[in-house]
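Notes to accompany the following structure.
What follows draws every value from the coordinates through simple rules; no lab data is involved. If you're wondering where the values come from, they're calculated on a predicted model, not measured in any experiment. Reconstructed Cβ throughout: ideal geometry from the backbone, glycine too, with neighbour counts over all protein chains shown.
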Amino acid sequence: MQHFLTTDDLSLATTKTLIQRAQDMAATPANFETLARHQQLATLFFEPSTRTRLSFTSAMHGLGGTVLGFESSASTSTTKGESLIDTIRVVSQYVDIIALRHPQAGAAALAAKYASVPVINAGDGSHLHPTQTLADLTTIDQFKHRLNHLTIAFAGDLKYGRTVHSLVQALMRYGQNRFIFVSHSALKIPVTLRAQLAAQHIDFEEVADFSAINEPLDVLYMTRVQAERFDTTADYEAVKNSVQLTPAQSHLLAPTTLLLHPLPRGHELPTSFDAWPQAHYFDQVKAGRFVRMALIDYLLTQNH
Amino acid sequence: MQHFLTTDDLSLATTKTLIQRAQDMAATPANFETLARHQQLATLFFEPSTRTRLSFTSAMHGLGGTVLGFESSASTSTTKGESLIDTIRVVSQYVDIIALRHPQAGAAALAAKYASVPVINAGDGSHLHPTQTLADLTTIDQFKHRLNHLTIAFAGDLKYGRTVHSLVQALMRYGQNRFIFVSHSALKIPVTLRAQLAAQHIDFEEVADFSAINEPLDVLYMTRVQAERFDTTADYEAVKNSVQLTPAQSHLLAPTTLLLHPLPRGHELPTSFDAWPQAHYFDQVKAGRFVRMALIDYLLTQNH
Amino acid sequence: MQHFLTTDDLSLATTKTLIQRAQDMAATPANFETLARHQQLATLFFEPSTRTRLSFTSAMHGLGGTVLGFESSASTSTTKGESLIDTIRVVSQYVDIIALRHPQAGAAALAAKYASVPVINAGDGSHLHPTQTLADLTTIDQFKHRLNHLTIAFAGDLKYGRTVHSLVQALMRYGQNRFIFVSHSALKIPVTLRAQLAAQHIDFEEVADFSAINEPLDVLYMTRVQAERFDTTADYEAVKNSVQLTPAQSHLLAPTTLLLHPLPRGHELPTSFDAWPQAHYFDQVKAGRFVRMALIDYLLTQNH
């Protein structure tokens, strides 16, 4: 059974195929609107994530399939003490494919072990969020026409931000990418990620703020500092505005720079940038819908 | 981009067309069941309203389309601090049309400014609820065969009841309608509405209770006094039963009078009236489903 | 109007037809996937039950129909004080069939009185849960090829467990079944059920634990002790592990014994039994989906 738990589950060739297919689907959606007819997707969201849930739903509808599920653990049988494993085994009897969002790292891998249908990891705690990464890759490919030879700055919460971890790991698989990590000292990338980068001799740098960047960027990837990850409000307040894009930093945005953000955003990315041609975060949203369509179709086809 | 934010967004001619089309759809639903095939509606309900949400969903299904969304802000990313504007821009990437319910007056107009798909106002605070008004107009037209030359009494909460405000404003556009407003002094129509009526020389009267009415009514439109609009329980208790339909007032219901109510109801409309031939509030519900179908189809067609 | 409020609403012949049809649907689902096209099911869940709700949804999708509804009373208009009767009359205008889950015994029967479309009882308090019973009957029939001449042990919470009450009543309609009830003295079957069994001279026995069983079982039907039914935590703790299946009781499971459980489970049924060939509780889940398909199709066809 082929699942999608991390971006590593897809070879570079398959990833390339999915990205191309997502772009084809976005261009002519009518050509794909019956591919999953009479098939069912379960969106099992043990923690709320409206955007991701709606993206999966829209994707499945776009393939002509149907969707069922729940949007938070509050209204599930887990309140009756049911285990994730039992839920997965039950829902496997109802649907053809499952998208799982869960607060615990490793939940998707556990689910995949017991599911009799393909499982897509729609985010497991602060661990991974690989379909967001596919959306990011698709957007970069769409506007830069390559996934290698890129200089990419990541800014904001690099410690807890799983979209950053997933995207860095995905981009490490392509040659000659250079990473610049911009964050408050309390929000630097995890030790394990740093070790991975070093072990593979990947070109990266860690800086405290935007003023340290004086080279042209292909991508500036902003992230939100998430209040819910901090122990105290004071800890959060101390760092929340540490990396913020303001007109003073607009030199970072060359005409060919992509300004990306996985959303939702906070103060780090003012809406005044929305009108800039470099702003592509709503294109990321669109790419997310279509690459999820491509992924669902791929998994349904592989496992049939 | 054509939206539907207030009933004024539709010309009288278009309103008439939609009302007629809703009646056709109710008569022969099978003729319309693939009009929105492969199209998607988002029901974004930032406050719960089961009836309205299910009505929109049923309408979209009746056109062969699909639906996604959320039923209250509790489980949306707004809890992560996302703005309405960003939510709308995101969801615009997922669907072909949006129905928005929001607790703040003006939310739908704001959403329409940023949406790249048509927006339907499914209720914004105590401001407007224009698809309820379309349902009311469709019901009146269905049973009275006209929207002018009507004597209409509104009773109950005329201060906060947005269905009343919307319907009065809609009926002001048709000639020779006379309004009688029946309410406790604490629940009278807003000053602004009174000024509008006066400015347009529309025939209206405000009375304290049903005993002041001694003319035949074409329509008696009842509304519920909503506890949640009052500052204190005592304020609510003081007025909640101020205007109540009882057998003693049954002289108000001539054989040709339509008894309407937007539901849900409280004590003001006892279930003993349900069996009366004048009771048409469940016909309003049915009209609501079909006029929403007509409206969705109209907006999808206009904007294609 | 034909509803499905209790298993008694179906004759033995119709029950047999539905069970057979469910098995046909499970075998070749593609033959049935457009039977309810353009028809709508409402899942009105006044108390959460994810598994049952998803089962109905999956079933309706499997017939090509669409689904709308709510998953708990928290987000419904009942919080505005709307009565169940009004909700049912409203929703009758939106859909072709209703599945109702409600915490109060008798709610489904009340709903059926006012609905203008068929109503399926998806569980009413501790009263009945008849579609679970259909799932149980379908599973037993599938693996034992008969519904009579069975020795069936029920274990766990026999006092509050509505799936037990419903299944016993259903199996009483078939000849020569023998029941063994295994429970703590505080969780014995209700007096009314005992009286029914006695009045019909049905062979049954009540025992305190598994050690009292020394005859071959056709079916061992386990149930969970539900903490939420007890007044105090202490009362619950006293009995929660009173009847538990452990390796020491594995002599109860002959090669031809069916081990069933309506799920969710607690400690009474350890996951170590999942790999046993006698374990059929996930087959029950699958049977539940397909017999609900058969039931929905039957009611839609009957009432057309």
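Tabulated results
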item: Across the identical copies, how the B:Ala195 labels are spaced - nm, sorted shortest first, 7 Å along Cα→Cβ; result: 7.1, 7.1
item: Virtual spin-label span in nm between B:Ala109 and C:Asn214, 7 Å along Cα→Cβ; result: 8.5 nm
item: Cα convex hull of the stretch A:77-142, projected area averaged across orientations, nm²; result: 5.1 nm²
item: Alpha-carbon Debye profile of chain C, log10 I(q)/I(0) at 0.11 Å⁻¹; result: -0.66
item: Convex hull volume of the stretch A:110-175 per residue (C-alpha atoms, cubic angstrom); result: 104 Å³
item: DSSP-defined beta bridges in the protein assembly as shown - what % are antiparallel, rounded to 5; result: 5 percent
item: Highest-fluctuation residue, B:Thr223, B:Thr52, B:Thr192 considered, GNM on chain B with Cα pairs under 10 Å; result: B:Thr192
item: Kirkwood Rh (inverse of mean 1/r, distinct Cα pairs), the stretch C:226-284, angstrom; result: 12.9 Å
item: Residues in the stretch C:132-147 that a label on C:Thr14 would reach, taking backbone N under 13 Å of a point 7 Å out along Cα→Cβ; result: none
item: Simple Cβ-charge dipole of chain C, Lys/Arg +1 and Asp/Glu -1, about Cα centre, in debye nearest 20; result: 440 debye
item: Rg ratio (alpha-carbon, reference 2.2 N^0.38 Å) - the stretch B:1-101; result: 1.19
item: Neighbouring partner chain Cβ atoms per residue of B:46-56, average, 10 Å criterion; result: 6
item: Gaussian network model of chain B, springs between alpha carbon atoms under 10 Å - residue of B:Ala238, B:Ala135, B:Ala153 with greatest fluctuation; result: B:Ala238
item: Cβ-vector label at 7 Å, A:Asn303, separations to other copies in nm; result: 3.5, 3.5
item: Partners for A:Lys286 among lysines (Cα-Cα distance below 25 Å; same-chain residues under 8 apart left out); result: A:Lys16, A:Lys144, B:Lys80, B:Lys113
item: Highest-fluctuation residue, C:Phe45, C:Phe32, C:Phe179 considered, GNM on chain C with Cα pairs under 10 Å; result: C:Phe32
item: Unit Cα scatterers, Debye sum, the protein assembly as shown: log10 I(q)/I(0) for q = 0.06, 0.10 Å⁻¹; result: -0.48, -1.18
item: Student exercise, the stretch A:131-284 dipole from Lys, Arg, Asp, Glu Cβ charges, in Debye to nearest 20; result: 300 debye
item: Percent antiparallel among DSSP beta bridges (both partners in the stretch A:131-284, rounded to 5); result: 0 percent
item: For C:Leu258, distant residues with modelled amide H under 5 Å away; result: C:Val219, C:Leu220
item: Averaged over C:86-97, number of beta-carbon atoms from partner chains that fall within 10 Å; result: 6
item: Exam field: B:Gly106 pseudo-label spacings to other copies (7 Å along Cα-Cβ), nanometres; result: 5.1, 5.1
item: The protein assembly as shown - charge dipole about Cα centre, Lys and Arg +1 at Cβ, Asp and Glu -1, debye rounded to 20; result: 1040 debye
item: Shape box of the stretch B:131-284 [Cα atoms, principal axes, largest first, Å]; result: 42, 39, 31
item: Inter-label distance for C:Thr256 and A:Gln200, nm, one decimal - labels placed 7 Å from Cα along Cα-to-Cβ; result: 6.0 nm
